[in-house]
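Below: one structure, written as structure tokens.
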Amino acid sequence: MREARADNPPNVIEALLMPLRLPGRVVSDIETLTKAVVALQSDAKKHLSSIDDRVGQLIGGLQTLHEVVAGIERTVNTIEEERLEAFLEATDTLQASVDRIDQRVVHLDTLEGTITDLIGGLRGDLNEGMSAVKAQVQAIRPPLVKMAGDVAKLDGLLPDPKDGPLTRLKDTLSSSV
């Protein structure tokens with residue numbers, strides 16, 4: 001029945017039914033979008049785990065930095081004992097550098113906490129967004145499925161174009177000629 005319609009120019013009934021066929025396509029497109037969002041969530045998790053790994057490396061670097069600072073302080077103490085007068089100025093300069101490093105370490109610790117909070121917030125926002133999308137898809141699906149069923153019923157009620165009143169009239173007129 002569909003192949004015969006494809007050979008003929010579109011008729012008015014098909015043109016009127018076209019918008020009723022769209023909900024099925026919309027459901028399919030929504031399912032495609034949902035799959036894409038799930039894939040996006042998976043990619044986001046990978047990137048977030050990468051950020052977690054980098055934060056772990058940063059923490060390891062901070063521990064190394066603390067060890068270096070401790071080593072510098074030991075060296076300074078040794079130098080002070082051996083040549084106190086000669087290295088007083090160097091000690092002051094070194095202490096200022098250590099203070100800046102300590103400030104940077106505090107800043108990095110604060111930054112680490114901020115990054116951790118942001119990652120948690122992003123995960124929460126992503127989960128909320130996915131829940132909202134899922135709820136919307138679930139809310140839209142039953143009406144769309146019902147509409148698709150109604151369209152199928154209407155399509156079944158349409159007369160066969162090969163056996164309609166216009167065909168019978170054509171057959172009657174062509175047989176008399």
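The values are calculated or read from the model by the stated rules, or taken from the named source; none is laboratory data. This structure is a prediction, so every number in the text was calculated from the model and none was measured. Virtual Cβ from ideal backbone geometry, glycine too; neighbours counted across all protein chains shown.
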For residue 168, state whether it is more than 30 Å from residue 52 (Cβ to Cβ) and surrounded by 10 or more Cβ atoms within 10 Å (Cβ to Cβ).
yes
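Let's see how each residue does on (1) touching a Leu at 6+ places or on another chain (Cβ under 7 Å); (2) surrounded by fewer than 11 Cβ atoms within 10 Å (Cβ to Cβ):
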site	(1), (2)
116	no, no
119	yes, no
126	no, no
132	no, yes
138	no, yes
144	no, no
150	no, no
156	no, yes
160	no, yes
Residues of the range 104-114 being over 18 Å from residue 67 (Cβ atoms), exposed (fewer than 13 other Cβ atoms within 10 Å of the Cβ) and not small (Gly, Ala, Ser), which ones?
107, 110, 114
Determine whether residue 174 is in a helix (DSSP H, G or I), modelled with pLDDT under 85 and loosely packed, with under 13 Cβ neighbours inside 10 Å.
yes
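Count, please, the residues in the range 73-86 that happen to be within 58 Å of the chain's Cα centre (by Cα) and at pLDDT below 75.
Residues of the range 73-86 within 58 Å of the chain's Cα centre (by Cα): 73-79.
Subsequent filtering for residues that are at pLDDT below 75 retains 79.
Of the residues in the range 73-86, 1 are within 58 Å of the chain's Cα centre (by Cα) and at pLDDT below 75.
Residues are listed down the side, and each one gets a yes or a no for (1) under 30 Å from the mean Cα position of the chain (by Cα); (2) under 30 Å from residue 26 (Cβ atoms):
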site: 119; (1), (2): yes, no
site: 135; (1), (2): yes, yes
site: 140; (1), (2): yes, yes
site: 155; (1), (2): no, yes
site: 165; (1), (2): no, no
site: 172; (1), (2): no, no
